[in-house]
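Shown next, in structure tokens, is the structure this report addresses.
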Amino acid sequence: MSARWPLRRRFTLLALLLGLVMSSLSAWIMQDMADDYEYVVSGEILRGQAEDYGQRLARGQALQLPSTHRLSGYRILDPALPARYAQLPAGMHEDPDDEDIHVGVFDTAAGRLVFVIDMGDIEQMERHLHRLVIAMIVLGTALAGWLGWLFAGIALQPVRHLAKSVEALPVRPQPTQLAVAVSHDALGQLASAIDAYQARLVDADAHEQAFLADASHELRTPLAVIQGVTEVLLDDAGMPPQQHTRLARLERGVQDMGQLLEAMLASARRKPLTIEPVDAQALLQDASARAMVGKPAIPVVIDAPVQLHTARREALLLIAGLLRLQLQAQACTQLHLRMDTQALDIHTTTTADSAAMRSLARADTGTGSALLDRLAARLDWQVLILSPSQTRLQLHPEIAGARRQPNS
């Protein structure tokens, strides 16, 4: 039996085999009983005839032994007695040439008597019984298989309920009490194993969150030191231009690392998002300001007359990260941000040839940054790269809950 077979199919096959065995056993018993019945009936009839006629003949009564198409009686010296019967010993015998005929040889007070009876009617009944037995085996096996399929479905119902309970578990690890709702058997052992596994996941998640919290504090300190030293060095008016350029690049790298660290921690936290009303115009202004820290300032055009209901901190980190990636990818002269109730469009104006930029148009998903992609997934937003100069952030209506601001 294949290990990949469904449990219900296995139960059905076992029920079929059980039905076949039980039906065959019952059929064998019935057939054996029918054969015994034939010998018992024929033997009792012939023995009764022999005793009756033997006693009457012994008393000197002149009797004619029966001679019909079903029952015939003979004396041992009767010339009408077939020769094959005359040589038979005392007892019950079956005619070797005709299984329907039974021969009884008896020693009575009047001598040896031979009685022959034709049991053809009973033999015909046995043939009907044979067909009935075959039908019983087939129908009994089929009925057992159907009942096995039905009962297996009923027996596996608790397993289905347990599977649905496991499927309904959230992605975030949490303690479960599945074993309380099931029986204390193999199913209970399975539910207890799932509960124990969930408990281990919760413990591992708690250790991971503690590690992230410790790592965030440990990483922020050296970043703050590097940033402070860089700012102090940049304030030195006598620094050569080449050194100033290198320090400016270092400052931008530190700024980028700090924002990526914030995005990583925001995407990794297990705490539920704090959903609040957020003015989209102010959110985009803050995000563009964060994205341009340490970079040359460029004009920013914002068109976002909507209000969002989302997690402000996570949304700010995501949008600022997208703007930072867009500004790093090419030399931008102007930044256009437009947000409506469905999406945020980020469009950059560059010095490159516009026809060449259009030829590079695509529709990829994802930012290219694993941290920002994970943060977008936590907000249930989708990032679409429409072209090298245009990025779209698709808002999920259930999470974003965006609505248009009333006209002032």
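Going residue by residue through the range 291-309, is there one that turns out to be modelled with pLDDT under 85, assigned to a helix (DSSP H, G or I) and on the phi < 0 side of the Ramachandran plot?
Within the range 291-309 (the criterion being modelled with pLDDT under 85, assigned to a helix (DSSP H, G or I) and on the phi < 0 side of the Ramachandran plot), the answer is yes, since at least one residue qualifies.
Has the range 267-280 got at least one residue that is in contact with a helix residue (DSSP H, G or I) (Cβ under 9 Å, 6 or more places away or on another chain), closer than 21 Å to residue 373 by Cβ and part of a helix (DSSP H, G or I)?
So far as the range 267-280 goes, yes, one or more of its residues are in contact with a helix residue (DSSP H, G or I) (Cβ under 9 Å, 6 or more places away or on another chain), closer than 21 Å to residue 373 by Cβ and part of a helix (DSSP H, G or I).
With (1) over 37 Å from the mean Cα position of the chain (by Cα); (2) at pLDDT below 80 as the list, and residue 369 as the residue in question, which single condition is left unmet?
It fails just one condition, (1).
Between a residue in the range 208-228 that is part of a helix (DSSP H, G or I) and any residue that is open to solvent by 80 Å² or more (accessible area, probe 1.4 Å), which pairs come within a Cβ distance under 7 Å, given they are 6 or more apart or on different chains?
Every condition considered, the pairs that remain are 223/257.
Within the group 41, 116, which residue is in contact with a Leu (Cβ under 9 Å, 6 or more places away or on another chain), open to solvent by less than 60 Å² (accessible area, probe 1.4 Å) and on the phi < 0 side of the Ramachandran plot?
Among 41, 116, only 116 is in contact with a Leu (Cβ under 9 Å, 6 or more places away or on another chain), open to solvent by less than 60 Å² (accessible area, probe 1.4 Å) and on the phi < 0 side of the Ramachandran plot.
Inside the range 199-209, can you point out the residues that are open to solvent by 50 Å² or more (accessible area, probe 1.4 Å) and either of a type outside the set (Lys, Arg) or within 28 Å of residue 157 (Cβ to Cβ) (or both)? Let's see the steps before the verdict.
Step one: of the range 199-209, the residues open to solvent by 50 Å² or more (accessible area, probe 1.4 Å) are 199-201, 203-204, 206-208.
Answer for the range 199-209, where residues must be open to solvent by 50 Å² or more (accessible area, probe 1.4 Å) and either of a type outside the set (Lys, Arg) or within 28 Å of residue 157 (Cβ to Cβ) (or both): 199, 201, 203, 204, 206, 207, 208.
Right, residue 331: open to solvent by less than 40 Å² (accessible area, probe 1.4 Å) and touching a residue at least 12 places away in the same chain (Cβ under 8 Å) or not?
Details: open to solvent by less than 40 Å² (accessible area, probe 1.4 Å): no; touching a residue at least 12 places away in the same chain (Cβ under 8 Å): yes.
Answer is no for this residue.
Could you check residue 196 against (1) assigned to a helix (DSSP H, G or I); (2) farther than 30 Å from residue 262 by Cβ; (3) open to solvent by 80 Å² or more (accessible area, probe 1.4 Å) and say which number it fails?
(3)
Within the bounds of the range 47-62, is there any residue that is open to solvent by 80 Å² or more (accessible area, probe 1.4 Å), within 60 Å of the chain's Cα centre (by Cα) and in contact (Cβ under 8 Å) with a residue 40 or more places away in the chain? Step through it out loud before you land on a result.
Taking the range 47-62 first, the residues open to solvent by 80 Å² or more (accessible area, probe 1.4 Å) are 47, 51, 55, 59, 62.
From the residues that got through so far, the ones that are within 60 Å of the chain's Cα centre (by Cα) too are none.
Taking every residue of the range 47-62 in turn, none turns out to be open to solvent by 80 Å² or more (accessible area, probe 1.4 Å), within 60 Å of the chain's Cα centre (by Cα) and in contact (Cβ under 8 Å) with a residue 40 or more places away in the chain.
Criterion first (modelled with pLDDT of 85 or more and under 23 Å from residue 18 (Cβ atoms)) does residue 143 satisfy it? Give the derivation first.
Numbers: modelled with pLDDT of 85 or more: yes; under 23 Å from residue 18 (Cβ atoms): yes.
So residue 143 passes the test.
Could you tell me how many of the residues in the range 221-253 are open to solvent by 80 Å² or more (accessible area, probe 1.4 Å) and within 30 Å of residue 172 (Cβ to Cβ)?
So the answer is 1.
Taking the condition of a type outside the set (Phe, Trp, Tyr) and over 30 Å from residue 212 (Cα atoms), does residue 246 pass?
Here the answer is yes, as residue 246 does meet what is asked.
The values are calculated or read from the model by the stated rules, or taken from the named source; none is laboratory data. Every value quoted in this text rests on a predicted model; they were computed, and no experiment measured them. Cβ sites come from the backbone with ideal geometry, for glycine too, and all protein chains shown count toward neighbours. Heads up: the accessible areas ignore ligands, DNA and RNA and are worked out on the full protein's heavy atoms, side chains in. Shrake-Rupley method; radii C 1.70, N 1.55, O 1.52, S 1.80 Å.
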